[in-house]
There are 2 protein chains.
Amino acid sequence: MKAVLDLQKQLLPDVLDIIKKRYQILHHVMAYRVVGRRTLAASLHMTERVLRAEVDFLKEQGLLEVESFGIKMTPAGKKLLDEMEPMMKEMTGLARYEEQLRQRFGIGQVIVVHGDSDESSYVKQELGRMAALALRKSVQKETVVAVSGGSTIYEVAQQLASSTALKGSIFVPARGGLGESVEYQANTVASVMAKKTGGQHRMLHVPDHLGEEAYQTLLQEPNIQEVVQVIRSARIVVHGIGEAKVMAKRRKASPELVQALLEEGALGEAFGYYFDRNGVVVNRMPTVGLKLEDLQNAEKVIAVAGGSSKGESIASVLRYGCESILVTDEGAAKKILQD
Amino acid sequence: MKAVLDLQKQLLPDVLDIIKKRYQILHHVMAYRVVGRRTLAASLHMTERVLRAEVDFLKEQGLLEVESFGIKMTPAGKKLLDEMEPMMKEMTGLARYEEQLRQRFGIGQVIVVHGDSDESSYVKQELGRMAALALRKSVQKETVVAVSGGSTIYEVAQQLASSTALKGSIFVPARGGLGESVEYQANTVASVMAKKTGGQHRMLHVPDHLGEEAYQTLLQEPNIQEVVQVIRSARIVVHGIGEAKVMAKRRKASPELVQALLEEGALGEAFGYYFDRNGVVVNRMPTVGLKLEDLQNAEKVIAVAGGSSKGESIASVLRYGCESILVTDEGAAKKILQD
DNA sequence: TACACCGGGACGTTTTGAGTCCATCGTAGA
DNA sequence: TCTACGATGGACTCAAAACGTCCCGGTGTA
């Protein structure tokens, strides 16, 4: 059943919304037994007119009966309602996760896709696809988009396609070298995005593991400074979320640093900042680029991360509370919400 | 899967059409590999504009790619197409039956519902529901509707609901007493329909098994004549189809008559007329009301009958060739088409 | 008997959908 | 290298559907 619904959602995305709406109408009528049009409209938060159109339709379908004293169910309607229940559970399952996440962390929009990135690579693709869609909808003409690195965001880049609005965008890495492998570096991701969309991109070349002195010298470079300025003016930020321990090790942090991170309770990581379970920043990678306070000025901050193993990490970053849009998967959503 | 689709069809009837259309677009693009908008529109019998809207949508969904040299598939689109195939077979199965029946017998509209009336009484309800819908759509203000008897048409009456157009209608039995049980008599059906819709009805009281003399006397009765005149002016005729042998026996025909019918090759029966396998009328019940030639003047003739056991009978009546709309079920459709 | 609430009809406004035409761009072929 | 063709994408117009809103006649109930 899930397969059918997923396929349909691709070819007719609002099928779910319409069916849900009509199901709710039937459900309410069932609860009231007999109810007037206006009462029903108020209780469903609809205007009278649209409810009326829906009721007329359901009457045509023989599911509702409309008499002079009100609206009530037909036997066929009752039967349909019974048969729909398992399907609706299935259909609204993800919607419920989305709503709960939205409420708990105060995020503007949450998108949850089926499955678990830990278990199937297809889910990560889907994650990328939905994030790419969200990005496309967020972007306006000539927007600066700052992106982090990581395999998930790389997948977002892969799923991007050109669109009129995106063509004028400028893609930049959110922060300088964070010790990722080349393929998943923020620089690479930004350039792939620019290529896929027909937009522009700027690179930020900051080698890893630089001595303090060389580092300060580099910062004085005019073209570095210029790029950093562009980055910090980003109106849209797209970033992944990593597990603090995994990220620290991958970046070849010293054992002392890893130890320190763990003692500080670091759980999640996003563009070089480490967060603890309360969403407090406990550490950060020594590099240049987007600063945490710049997020306040950004129009939209889009987090993309999935997989049940990342649940706690995602939650820690969400608690910091700067996200506008979260794209995640069922596995992570379950994990996040069960604590 | 079938269950999900059936439920959806009740809450969103044109979901099938839209999905089919979009699937076809993908399919064509796949076949062409790369194709221009106009070429594609012509090949799909669409106007350029609507195709364009669809292509834009499919592009947004990441299923098609639009470049300056034409339209082509994305990997995601190919994948979707593969996964859709079994679903489309399922979805278009009934549609194919409908089309084949339409072609073979030259009927204006054919509706085939899932299942087999012989096996499940639910299918007969569904048959009634679809026929009621077709009737509602056919009727205009103050239409005379002539109906036959039988359990199927009785079900149609049960499924009717009031609508503005139907309120002005006049329901009449197509022909006088045909020896059905009271519940399923045409008179009863007409009165139920009138009650359900808020319309009017006229009765035609002609007792069964009347002697020739009494019969002729009855015909002279002014009010009988008046009702007959109304009947013969019917603009819409709704009738069932029976198996000749079964009907003859149910009506307590003499063994000689049954024998004669069989020898004449009677297969199907509709409102008192018996048809052989070539659609030729071989016999008729001795009563008054609608005559066969009146069907020519009727605007719409709606036949409702299902069940694989009735397949041959239905085919024999269809061959006579007076139907505008046929409502049947999967079981009967298969049987009819396999000969 | 009076009142409150019901469905249905009507009307003006707004939004969406569809038909048509044209500008621009890229590619292929001469 | 230039030209011509066919591609997309944008713009404009008109029609139709959707919607918000108000009112009317009827009906059940207090």
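The values are calculated or read from the model by the stated rules, or taken from the named source; none is laboratory data. Keep in mind that this is a model prediction, so the values were computed, not measured. Heads up, the Cβs are rebuilt from the backbone with ideal geometry, glycines too, and the neighbour counts pull from every protein chain shown. For the accessible areas, the whole protein counts, side chains as well, though only heavy atoms, and no ligand, DNA or RNA atoms are used. Shrake-Rupley method; radii C 1.70, N 1.55, O 1.52, S 1.80 Å.
Placing unit charges on the Cβ atoms only, positive for Lys and Arg and negative for Asp and Glu, gives chain B a dipole magnitude near 1000 debye about its Cα centre. Of all aspartates and glutamates in the structure, those lying under 12 Å Cα to Cα from B:Lys335, and not within fewer than 8 positions of it along the same chain, are B:Asp116, B:Glu312.
Secondary-structure-derived ellipticity at 222 nm for chain A, considering helices only, amounts to -16500 deg cm²/dmol, per-run term -39500 (n - 2.57) for DSSP H runs with n ≥ 4. Sorted from closest to farthest, the other copies place their A:Glu263 label points 11.2 nm away, with each point set 7 Å from Cα along Cα→Cβ.
A P(r) calculated from all alpha carbon pairs of region B:139-290, with 5 Å bins opening at zero, reads 2, 10, 18, 20, 19, 15, 10, 4, 1, 0 percent.
Leaving out ligands, DNA and RNA, and with a 1.4 Å probe, what % of the accessible surface on region B:283-326 is carbon or sulfur?
Working: 620 of 1560 Å².
Here it works out to 40 percent.
Can you give the Rg to Rh ratio for region B:134-208, taking only C-alpha atoms and Rh from Kirkwood? For region B:134-208, the value is 0.96.
When only the Cβ of Lys, Arg, Asp and Glu is charged (+1, +1, -1, -1), the dipole of region A:255-339 relative to its Cα centre reaches about 140 debye. Surface analysis of region A:10-127 yields an accessible area of 51 Å² per residue, using protein heavy atoms and a 1.4 Å probe.
Label points for A:Ala3 are taken 7 Å from Cα along Cα→Cβ. From this copy to the others they lie 1.7 nm apart, shortest first.
Calculated over region B:17-94, the projected area of the Cα convex hull averaged across directions stands at 4.9 nm².
Relative contact order for region A:154-202: 50 percent, from Cα pairs under 8 Å spaced at least 6 residues apart, divided by residue count. Shown for region B:93-140: residues covered by the partner protein chains by 20 Å² or more of accessible area relative to the chain by itself (probe radius 1.4 Å), namely B:Tyr122, B:Arg129, B:Leu133, B:Arg136.
Between identical copies, the spacing of A:Lys249 label points, each set 7 Å from Cα toward the C-beta atom, reads 8.0 nm from nearest to farthest. Rolling a 1.4 Å probe over the protein heavy atoms of region A:40-130, with every protein chain left in place, gives an accessible area that is 49 percent carbon and sulfur. Here's how it looks for B:Leu64: its modeled amide H is under 5 Å from those of B:Lys59, B:Thr74, which are all 5 or more places away or on a different chain. The alpha carbon convex hull volume per residue for the protein assembly as shown rounds to 172 Å³.
Please report, in debye to the nearest 20, how large the charge dipole of region A:47-144 is about its Cα centre when each Lys and Arg carries +1 at its beta carbon and each Asp and Glu carries -1 there. Walk me through the numbers before you get to the answer.
Numbers: 15 positive and 17 negative charges, 85 e Å.
Taking the Cα centre of region A:47-144 as origin, the dipole is about 400 debye.
For chain A, the alpha-carbon coordinates run over 85, 44, 32 Å along the three principal axes, in decreasing order.
Compactness of region B:240-318, taken as the C-alpha radius of gyration over 2.2 N^0.38 Å, stands at 1.06.
Buried surface for the A/B pair, taken as the accessible area of each chain alone minus that of the pair with a 1.4 Å probe, is close to 3100 Å² in total. All distinct Cα pairs of region A:201-271 go into the 1/r average, and the inverse of that average, the Kirkwood radius, is 14.5 Å. Peptide B:9-18 shows a mean partner chain C-beta count of 5 within 10 Å per residue C-beta.
With a 1.4 Å probe and all protein chains left in place, how much of the accessible area of region A:183-243 comes from carbon and sulfur atoms, in whole percent? Of the solvent-accessible surface of region A:183-243, carbon and sulfur hold 48 percent.
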